[in-house]
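Worksheet for the structure shown next.
The values are calculated or read from the model by the stated rules, or taken from the named source; none is laboratory data. Please read all numbers here as calculations on a predicted model, not as lab measurements. Note that each Cβ is placed from the backbone with ideal geometry, even for glycine, and that neighbours are counted across all protein chains shown.
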């Protein structure tokens, strides 16, 4: 039983990113026990060979390494150190891999609490979006002790093609927030530019084609522009985009760093949420704000 538990990986959070990440751990040959509040997701993974758990504590009871991939800081705290969380059934020597984009300060607090129980945690949020999650080519930004990282490395390698260590707990997430800031601000610039061009008489498809071959091209552009033209707004929810920007500006406030551009971008996403776009793709659906203001529609109606 002990050897089986030592070899088992737990995975909590089987959403748009977590689902394919967990699938890659299974493909790598690890015994995996999963939990998600959506029972249909759990059933799907049982069909892939995973074991189902009744909750986070049950995951910890059955796995010595547990991956947490939930949406928010509050959810991560509940899953990891809350009543019924991992901490209640984990054993000394167990490891938590937090792969969510959450508050770095909360990570440090959870690290202190877990350490007092003889456990360890690393933060390893990822970049690469859903495509990278499916293909196992994510970049993992890691914070935590070198020893904990080495223990986590085989699990991380099943999901990520690049694993980068940035220092102690919280530093991986700080790096992820900086990366997200750049792409999230860019998405707004892309929406503004395309609407401006369309209002000025340019053909949206021609614009996207030319920019994709010119100096205005970027990873952010290649993500959002085709979705805007296709009116495909199913993806990274704007509520999550806004959550990330809250974390960025909160970190900046704590470090006394001015954030003129990011603060403005955060308010644009808040406009989108106020307009009912919170469940739509933050990278593409933000264009609807500009379309409504200008009377322009990009792509098929």
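Structural remarks
- Taken over segment 157-187, the criterion of being assigned to a strand (DSSP E or B) and farther than 23 Å from residue 218 by Cα is satisfied by 165, 166, 167.
- For segment 242-250, the count of residues that are outside the structural domain of residue 69 (by the TED database), crowded, with 16+ Cβ neighbours inside 10 Å and under 16 Å from residue 190 (Cα atoms) is zero.
- Hits in segment 261-278 (condition: within 18 Å of residue 190 (Cβ to Cβ) and in a helix (DSSP H, G or I)): 261, 262, 264, 265, 266, 267, 268, 269, 271, 272
- Summed over segment 261-290, the residues that are touching a strand residue (DSSP E or B) at 6+ places or on another chain (Cβ under 8 Å) and at positive phi give a count of 0.
- Across segment 165-177, not a single residue is classified as surrounded by 14 or more Cβ atoms within 10 Å (Cβ to Cβ), modelled with pLDDT under 95 and either assigned by the TED database to the domain that holds residue 16 or within 29 Å of residue 274 (Cβ to Cβ) (or both).
- Subset of segment 111-156 that is within 30 Å of residue 222 (Cβ to Cβ) and touching a residue at least 60 places away in the same chain (Cβ under 8 Å) - its residue that is farthest from the chain's Cα centre (by Cα): 155
- Residue 226 being surrounded by 14 or more Cβ atoms within 10 Å (Cβ to Cβ), under 24 Å from the mean Cα position of the chain (by Cα), farther than 20 Å from residue 274 by Cβ and assigned by the TED database to the domain that holds residue 277: yes
- Residue match in segment 70-87 (condition: crowded, with 23+ Cβ neighbours inside 10 Å, more than 30 Å from residue 248 (Cβ to Cβ) and modelled with pLDDT of 95 or more): no
- Residues that are buried (at least 19 other Cβ atoms within 10 Å of the Cβ), in the same structural domain as residue 184 (by the TED database) and within 24 Å of residue 19 (Cβ to Cβ) are absent from segment 255-276.
- Test: residue in segment 48-67 that is surrounded by fewer than 22 Cβ atoms within 10 Å (Cβ to Cβ), farther than 14 Å from residue 18 by Cβ and under 16 Å from the mean Cα position of the chain (by Cα): no
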